[in-house]
Amino acid sequence: MSNSNTHASEILTTALARELAPGLLRNSIDEKIVRIRPMSTPIDQISRCAGARGVKSMVVEYYSVDTKPTSAKITADVSVSVGNDDGPVAVTLHTDNDKIFDNSETVIVPGAYVTAADGTRTPVQLYVTSGGADSAPGAGVGCLITNLPADRTGCRVSGLNKGIEVVRMGRAAAELDVQTPQFAVLPKKASNYCQIFKMQVEQSTMQRIIDKEVGWNFSDQEEAAIIDMRLGMEKNFLFGSKARFDDPAKRQEVFLTGGIWEQTDHSFSLPAGGIDSDTVISLCREAFTGNNGSRRKILIAGTQLVEALSKIDYNKTVSAGETEVKWGIELKEIKSNFGSLYIVHSEIFDQCGHSADGFVLDPDYVAKYCHTPFNVETLDLRSSGVRNTDAVVITEASCLVLRYPQTHMRVLGGSVVRPSVPEL
């Protein structure tokens, strides 16, 4: 029987442990870091609890994939002549996204109807015969109307007009079909930069002796430094702009990571005139529908948005649930028929000018990449003759990416709760 365990025939040191089990020490450190002020840095907290993926380059290239769209809108009116012949009637649809339709798919048009002589109406149902991803641009989608009545006298088809939505349904194969058109969703290649986050802490030998030690062998001063470092990382992970440039003084390249705020174009603007339970329902509908994400998501929000949400009189349709603690973060649940939003307050939004805004995060589809996992290195400044101090340098080179951008959403406070800004 094979054994996948790694054994060491010498004394187990930190260096040896890192060589034989590179993830062991990193995971242990992350488990300790997440105990420090978790409510202050929810983004970093969630990503650290989920674990990071190691990368060998400061430039992280990844593919973000969204689910295949389920509908498109007609861009040109379609006139249909039913005639008296039996069988389906052929039509060509031009939509704003012809390439999502494949041969043998069935399609329904909820806003268009087949009306029989007796006045009975049914939504138009179509069978795709040509078009899709392999069709020439502008060729349209060839379809058959399949639910015409046997008696065509007085029958008419109406509503296949510009702006009407066409919805994809299941495929319908013939008896002898072995293959169907290949299902494919092309991922979009994207990149982000790992930013090198650093913090140096020094203290004299005397101060080190009298300093209080915390339970996991970091001094209070080092703990305070990690808090400040994580707060800075949180701001970069949220609102940072990806950049790569040379520092003219150091003559070295510097990488700045791009925040998740700009990694999705999925947004919801709160309406003017105040927000109520109906607004929350609309927010939940936008956050949970059309993207096949999780049924539980986290709304990380600034002070003004949290205040506005707290003043709402909830009802049976949308209700404020109990408080739950997950990832070390205290979350207030808002339940709706679309899904549950867990609210967490973040002063990072206030500090970055987004007090009225929020970000709906799907924790299942956010990934952290680490070029240099979180580590603490001791500097011997005393022996080198620099200073009679103990010094440590805390370092991590990492970035966050959204794997399925449409499952996440920006919430824009707009004129609802955003304070007025005086003109200069």
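Listed values, structure above:
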quantity	calculated
Cross-link pairs beyond the 31 Å C-alpha cut-off, checked among K189/K297; K99/K235; K73/K368; K189/K235; K56/K235	K99/K235; K73/K368
Accessible area, probe 1.4 Å, largest first, for residues D313, D350, D151	D313, D151, D350
By average C-beta atoms within 10 angstrom, highest first, the peptides 236-249, 299-312	299-312, 236-249
For M169, distant residues with modelled amide H under 5 Å away	T106, V107, I108
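The values are calculated or read from the model by the stated rules, or taken from the named source; none is laboratory data. Here the structure is a predicted model, which means the values were calculated and not measured. Neighbour counts are summed over all protein chains in view; Cβ atoms, including those assigned to glycine, are modelled from backbone coordinates with ideal geometry. Ligands, DNA and RNA are stripped out before the accessible areas are found, and what is left, the full protein with its side chains, is counted by its heavy atoms. Shrake-Rupley method; radii C 1.70, N 1.55, O 1.52, S 1.80 Å.
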